[in-house]
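Just so it is clear, none of the values below were taken in a lab; they were calculated from the coordinates. The shown structure was predicted, so the numbers you read here are calculated from the model rather than taken from an experiment. Glycine also receives a Cβ, built like all others from the backbone with ideal geometry; neighbour counts cover every protein chain displayed.
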Amino acid sequence: MKNTKTLMLIEGAVMIALATVLSFVKVYKLPWGGSITLLSMLPICLFSIKYGVVKGLAVSFLYSLIQLFVDLGEVLSWGLTPGTLIACFALDYILAYTVIGTAGMFRSKGFPGWLTGSAVALFLRLASHFLSGVLIWHSFGELWSGFSTENEFLYSILYNGSYMLPEIIFTVVGAVVLFSVPQTKKLLAPAKA
């Protein structure tokens, strides 16, 4: 029993470290936050699938704190008010990265459940960023050169969707490839709760 808990803690630490390293490999980065990375959310999804939502949420919460500290200097340079800064930390970091831990919600359904859970978790992250754009940023103005809108809902979904939708697609495709390998399936078989 003790060895099982130790193994789970080690796997959680390794997945957080792997996700953090992959988050530094940016395919595309937007000026006000958000980027397409090299499958940085997949390790957290894998942990949640193996150990369940509760343990997945614990690991993803720790990952959210690391992401916050990694981006802290950049976020502080945006000149936000203290209230906006706290709300940004809560919605764009703590909540947005913690919901990735829900990827294991359908883990008992096998391969289709693993993919569905991962996709739902990543869409929950998109929803958190969308809410941040609408509630905190009151986003309006120039989105890309030559295109501007004063509709904060449209702006938020276009801005956040421009990096989160490709990130979701890449992560799900990466999961399909990874889950197709028989040895990986055996390693990722959900642990007994």
- With the charge dipole of the chain built from beta-carbon charges (+1 for Lys and Arg, -1 for Asp and Glu) about the Cα centre, the Cα from ILE168, LEU38, MET8 projecting farthest to the positive end belongs to MET8
- Note on the structure: Toy charge model, Lys and Arg Cβ at +1, Asp and Glu Cβ at -1: the range 1-83 dipole around Cα centroid in debye, rounded to 20, equals 300 debye
- With unit charges on the beta carbon (Lys/Arg positive, Asp/Glu negative), name the residue among VAL21, TRP78, SER132 whose Cα is farthest towards the positive pole of the charge dipole of the range 2-188. VAL21
- Note on the structure: Quick calc, the chain, dipole around Cα centre from Cβ unit charges on Lys, Arg (+) and Asp, Glu (-), nearest 20 debye, gives 1220 debye
- Query: Tally Lys/Arg at +1 and Asp/Glu at -1 over every other residue whose Cβ is under 13 Å from the Cβ of THR37; what's the total?
  - Reply: +1
- Note on the structure: Relative to the chain, whose Cα atoms define the longest principal axis, helix 53-76 and its Cα axis are tilted in degrees, nearest 10, by 30 degrees
- Item | Rounded tilt (10° steps) of 111-135 against the dominant C-alpha axis of the chain | 20 degrees
- Query: When the chain is modelled as a GNM with alpha-carbon springs shorter than 10 Å, which of LEU91, LEU135, LEU122 fluctuates the most?
  - Reply: LEU135
- Hey, fewest Cβ within 10 Å first, where do SER23, SER162 land in order? SER162, SER23
- Query: Using 1/(1 + (r/R0)^6) with R0 = 35 angstrom and r between the beta carbons of LEU154 and VAL14, what's the FRET efficiency to the nearest 0.05?
  - Reply: 0.30
- Quick one: if you stick a label point 7 Å off each Cα along the C-beta vector at PHE61 and THR6, how many nm between them? 2.6 nm
- The lysines whose Cα lies under 18 Å from the Cα of LYS186, excluding any fewer than 8 residues away in the same chain, are LYS50, LYS109
- Compute the relative contact order of the chain as a whole-number percentage, counting only Cα pairs closer than 8 Å that sit 6 or more residues apart in sequence. 22 percent
